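Trainee: Once you've had a glance at the structure underneath, I'll fire off some questions.
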Amino acid sequence: MFIGRKKELDEIKSFLSKDSGCMMIYGKRKVGKTTLINNALKGYDNTVYYECIKDSLKANVDGLVDVLLRNKILPSRIEFASFQDLFQYLNSLNETFNIVIDEYPYLKATNKPETVDSVFQSVIDNSISNIHLFISGSHISMMRDLLNEKNALYGRFSHIIQLNELNYIDTSEFYTELDAYDKVGLYSVFGGSPFVNEFIDNTKSLKENIISNILNPSHSVYNYADNLLVSDFSNVSGAERIFSALKNGKKKYSEIEQTLRIEKNGALSKMLKPLLNMELIVKKNPINRPDDKKKTYYEINDNLLRFYYTYVYKNKSALQVIGAEAFYEEYISDSIITFISHRFEEICRDYFSIQVKRAKLKGIRNIGTYYYDDSVNKINGEFDVVLQRKDSFEFYEAKYYQSPMSLSDMKKEEIQIRNIYGLNVSKIGFVSIRGFESTPKEYVCISGSELYK
């Protein structure tokens, strides 16, 4: 099932409308890069897809030759000494080709990186006048390095796509017949990876999908979550320890150091850097304290990995011993609503962001969390869904309740906000997944169903 990606498809269509050129597409594993490219190239003749292997440049040249033979672009096996020779040959033919070089970082993993980039600089500069060349990869930091001014491939890409997970609205296309409550639950646990969502059975409950997919060590979803860090990082223990420390929350740098008992000598910074570069972890600040390092926090940027490291990672032996159903009841059942509630806050922020991008909500300068420190009442804390305007802020409470939100609950929340000294409040609103018992005009009331319009 191919879902969403209209913007990206339009970008590729624009690229293909030109006579030739080079396009870069990158994003983490299982985010749908290959599926996107294959769908975009449907119906085009002379299309070649080659996934690099961790071997010498010559072995990869031979591998691409094999694919060209299977696609009947080469009439018979021809020996080429290099990628330059191969592309020069293709460039001499009186036809147009679409050639995909996928997992480009594999070439750099087993060859001198500067040499690989230099080889493809030569190819792009001299041998693709009749070729649409796609260079794709999953190692985000390595792919981004190709855009660095010091890199040989700097300035060689006419189009660049960073492919992220589907947002919560597009992901819901995998389970359209469910209500908003269940959609939020599934997205909060499984995230927006097309690969992962293909396995969801929308005739089963969230619990049943968790048991059959994430709590099944023989299942592809379990193995994706269990092996993602192993496949991408040499410092596996450090990466996994950080994920385990963060779980479903957000922590300051010093809190992570303390949790992991790491010396305060910069070691944690080195451990965080590759995870931040791969965007598996994000660093955030409250929108009213953007430059306050003391308010900077880190969190996992992948819902499935959040779930896995919250519940499964440290308890894998128990899962093996007691089985999936008992494991769910013992380790997950009591706190799954709290887990989803934290993710619901992020969905609400995404909702407002989408409304701004659609021009349905104007005058918004930023969306995020808001830190308050009320010295008068001697309290401090953070609001999780706040919209910043030029001279004021809008405050929203996100509620993942199993029943409609009552007016009394809204009044209580308003009192709490109004009682905090120094807040510049222009509007108070509520996002309630099950809707409201009533919708008084003094509040903005957004029901779960509205999130998916």
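The values are calculated or read from the model by the stated rules, or taken from the named source; none is laboratory data. In this text, all values refer to a predicted model and were calculated from it rather than measured experimentally. Neighbour counts run over all protein chains shown; Cβ positions are idealised from the backbone, glycine included.
Trainee: Working carefully through the options Asp145, Asp117, find the one that is of a type in the set (Asp, Glu) and touching a residue at least 12 places away in the same chain (Cβ under 8 Å). Step through it out loud before you land on a result.
Mentor: Values: Asp145 fails: touching a residue at least 12 places away in the same chain (Cβ under 8 Å).
On inspection, the qualifying residue turns out to be Asp117.
Trainee: Still on this structure, I have one more. Being among the aromatic types (Phe, Trp, Tyr), surrounded by 17 or more Cβ atoms within 10 Å (Cβ to Cβ) and either at positive phi or free of Cβ contacts under 8 Å to residues at least 40 places away in the same chain (or both) narrows it down to one residue among Tyr154, Tyr224, Tyr175, Tyr168; which is it?
Mentor: Only one candidate qualifies: Tyr175.
Trainee: When you scan the stretch 260-291, how many residues do you find that are in contact (Cβ under 8 Å) with a residue 12 or more places away in the chain and part of a loop (DSSP other than H, G, I, E, B)?
Mentor: Going through the stretch 260-291 one residue at a time, the tally reaches 8.
Table: residues versus (1) modelled with pLDDT of 95 or more; (2) exposed (fewer than 14 other Cβ atoms within 10 Å of the Cβ); (3) outside the structural domain of Val356 (by TED's automatic domain parsing); (4) of a type in the set (Ser, Thr, Tyr).
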site: Val376; (1), (2), (3), (4): no, yes, no, no
site: Arg389; (1), (2), (3), (4): yes, no, no, no
site: Ala398; (1), (2), (3), (4): yes, no, no, no
site: Pro404; (1), (2), (3), (4): yes, no, no, no
site: Ile420; (1), (2), (3), (4): no, no, no, no
site: Asn424; (1), (2), (3), (4): no, yes, no, no
site: Gly429; (1), (2), (3), (4): yes, no, no, no
site: Arg434; (1), (2), (3), (4): yes, no, no, no
site: Ser438; (1), (2), (3), (4): yes, yes, no, yes
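Trainee: Still on this model: Being within 17 Å of Ser269 (Cα to Cα) and not polar (S, T, N, Q) is the filter here; which residues of the stretch 283-300 pass it?
Mentor: Selection gives Lys283, Lys284, Lys293, Lys294, Lys295, Tyr297, Tyr298, Glu299, Ile300.
Trainee: Same structure again: Can you say whether Tyr396 is closer than 25 Å to Lys250 by Cα and in a loop (DSSP other than H, G, I, E, B), as far as the supplied structure shows?
Mentor: It is false that Tyr396 is closer than 25 Å to Lys250 by Cα and in a loop (DSSP other than H, G, I, E, B).
Trainee: Count, please, the residues in the stretch 76-102 that happen to be of a type outside the set (Val, Ile, Thr) and under 15 Å from Leu133 (Cβ atoms).
Mentor: 13
Trainee: Counting only residues that are surrounded by fewer than 19 Cβ atoms within 10 Å (Cβ to Cβ) and among the aromatic types (Phe, Trp, Tyr), how many does the stretch 16-49 have?
Mentor: So the count comes out to 2.
Trainee: Now, a different point. Could you pull out the residue among Gly368, Gly381 that is touching a strand residue (DSSP E or B) at 6+ places or on another chain (Cβ under 8 Å), modelled with pLDDT under 95 and not in a helix (DSSP H, G or I)? Walk me through how you get there before you give the answer.
Mentor: Numbers: Gly368 fails: modelled with pLDDT under 95.
Of Gly368, Gly381, the one residue that is touching a strand residue (DSSP E or B) at 6+ places or on another chain (Cβ under 8 Å), modelled with pLDDT under 95 and not in a helix (DSSP H, G or I) is Gly381.
Trainee: Among the residues of the stretch 131-164, write down those that are closer than 16 Å to Gly21 by Cα and either at pLDDT below 95 or β-branched (Val, Ile, Thr) (or both).
Mentor: Ile131, Ile135, Ile160, Ile161
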